[in-house]
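Reading through the structure tokens given below for one structure.
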Amino acid sequence: MRKPFIAANWKMNKTVSETGEFLKEFIPVVKDVAAVEIVMAPPFTSLMTAAKSIKGTNIRLASQNVFYEEKGAFTGEISPAMLVDCGCTYVIVGHSERRQYFKETDEIINKKIRASKKNGLGVVFCVGESLEDRESGKTFDILNREIENGLKDTAADNIVVAYEPIWAIGTGRTAAPEQAQEAHAYIRDRISVLYGNKADEFRIIYGGSVTPENVDSLMACSDVDGALVGGASLKVESFTRIVKFKKG
Ligand code: PEP
């Protein structure tokens, strides 16, 4: 059985005090949710305060980024060990915004995944095609390339793959459940080539304009094991409804 995984990606939103206010309201309303792994990824500046607030709760902490070196002259970067020290359990790697705005390549992403796993961090590894790729029939080629290169020389444990079609991120245009299911089934098939029968245990989550209105139909798909949520995770009410999705 794959435990559903629902993660909030706050991106560059919320100050330390706003993080504290959100969690003060959110923690009690989800405290009885045992069947879902709930993960929050606030900005770096809020990690410490979030770690203190969620201690002893059913919520886990993730970082939105990491650098692959252990220490040294890398101004502005944060190492995997620093994130573990801050209380992080997971790190998001390969988000399309990092690939697009910060020019992260498959090779850099692979280094980040390996360094994170070496330090005991779980990885939420994002893959997904652009609209242009989809319209020219290249979706599966892109997914295959990102998976093969990103997961090169990594063991199967402690990885969650997030399928995030770029055209659906922050656009209000969600993938239809059939489109999500088709891509997730393809990803699981690729994972089985890399990791054999471990593919059945692999959690593959969907990201791209997930809302309280569409979460139930996405989670009804047999290969959709959770969600990575941007905009709708910024409000307690909408993120709580997503965490408490209804099974079909
Ligand atoms: C994301 O940032 O990973 C994301 C899916 O954003 P949104 O839910 O706003 O589309």
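The values are calculated or read from the model by the stated rules, or taken from the named source; none is laboratory data. All values reported here derive from a predicted model rather than from experimental measurement. Ideal geometry is used to build each Cβ from the backbone, glycine not excepted, and the neighbour counts take in all protein chains shown. Surface areas here come from the heavy atoms of the whole protein model, side chains and all, with no ligands, DNA or RNA. Shrake-Rupley method; radii C 1.70, N 1.55, O 1.52, S 1.80 Å.
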(request) Please enumerate the residues belonging to region 177-189 that are open to solvent by 10 Å² or more (accessible area, probe 1.4 Å) and either modelled with pLDDT under 95 or more than 15 Å from the ligand (Cβ to nearest atom) (or both). (result) Pro177, Glu178, Gln181, Glu182, Ala185, Tyr186, Arg188, Asp189
(message) For Val161, only one of the following conditions fails: (1) farther than 19 Å from Val210 by Cβ; (2) touching a strand residue (DSSP E or B) at 6+ places or on another chain (Cβ under 6 Å); (3) among the aliphatic types (A, V, I, L, M). What is its number?
(response) (1)
(request) May I ask you to say which residue of Arg203, Arg241 is touching a strand residue (DSSP E or B) at 6+ places or on another chain (Cβ under 6 Å), among the basic types (Lys, Arg) and surrounded by 16 or more Cβ atoms within 10 Å (Cβ to Cβ)? (result) Arg203
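Taking the conditions exactly as written (closer than 19 Å to Glu201 by Cβ, away from the ligand (no atom under 16 Å from the Cβ) and open to solvent by 50 Å² or more (accessible area, probe 1.4 Å)), does Asn149 satisfy them or not?
No.
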(message) Show me the helices (runs of 4 or more DSSP H) entirely contained within region 9-94 in which 2 or more residues are among the hydrophobic types (A, V, I, L, M, F, W, C) and in contact with a strand residue (DSSP E or B) (Cβ under 8 Å, 6 or more places away or on another chain).
(response) 16-30, 47-54
(message) Let me spell it out: the conditions are (1) modelled with pLDDT of 95 or more; (2) open to solvent by 20 Å² or more (accessible area, probe 1.4 Å); (3) at positive phi, and Ser222 meets all of them except one. Which number is the exception?
(response) (3)
(request) Scan region 226-248 residue by residue and report those that are modelled with pLDDT under 95 and among the acidic types (Asp, Glu). (result) none
(message) Pull out all pairs, ordered by first then second residue, where Cβ-Cβ is under 6 Å, the residues are six or more apart or on different chains, the first lies in region 190-215 and is within 16 Å of the ligand (Cβ to nearest atom), and the second is polar (S, T, N, Q) and modelled with pLDDT of 95 or more.
(response) Pro212/Ser238
(request) Would you check which residues across region 48-75 are in contact with a His (Cβ under 9 Å, 6 or more places away or on another chain) and open to solvent by less than 40 Å² (accessible area, probe 1.4 Å) and list them? (result) Asn65
(request) Could you figure out which of (1) over 15 Å from Asn110 (Cα atoms); (2) part of a loop (DSSP other than H, G, I, E, B) isn't true of Ala155? (result) (1)
(request) Sort out which residues of region 228-238 are crowded, with 24+ Cβ neighbours inside 10 Å and either more than 15 Å from the ligand (Cβ to nearest atom) or under 19 Å from Val29 (Cα atoms) (or both), and write them in order of number. (result) Val229, Ser233
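For (1) within 16 Å of the ligand (Cβ to nearest atom); (2) over 20 Å from Leu121 (Cα atoms); (3) modelled with pLDDT under 95; (4) acidic (Asp, Glu), each residue gets a yes or a no:
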{"position": "Asn9", "(1), (2), (3), (4)": "yes, no, no, no"}
{"position": "Glu25", "(1), (2), (3), (4)": "no, yes, no, yes"}
{"position": "Thr49", "(1), (2), (3), (4)": "no, no, no, no"}
{"position": "Lys52", "(1), (2), (3), (4)": "no, no, no, no"}
{"position": "Val84", "(1), (2), (3), (4)": "no, no, no, no"}
(request) Being among the hydroxyl-bearing types (Ser, Thr, Tyr) and either within 12 Å of the chain's Cα centre (by Cα) or open to solvent by less than 50 Å² (accessible area, probe 1.4 Å) (or both) is the filter; apply it to region 90-136 and report the residue that is farthest from the ligand (Cβ to nearest atom). (result) Ser116
(message) Looking only at region 164-176, filter to residues that are at pLDDT 95 or above and out of contact with any strand residue (DSSP E or B) (no Cβ under 9 Å at 6 or more places or on another chain); which one of those is surrounded by the fewest Cβ atoms within 10 Å (Cβ to Cβ)?
(response) Ala176
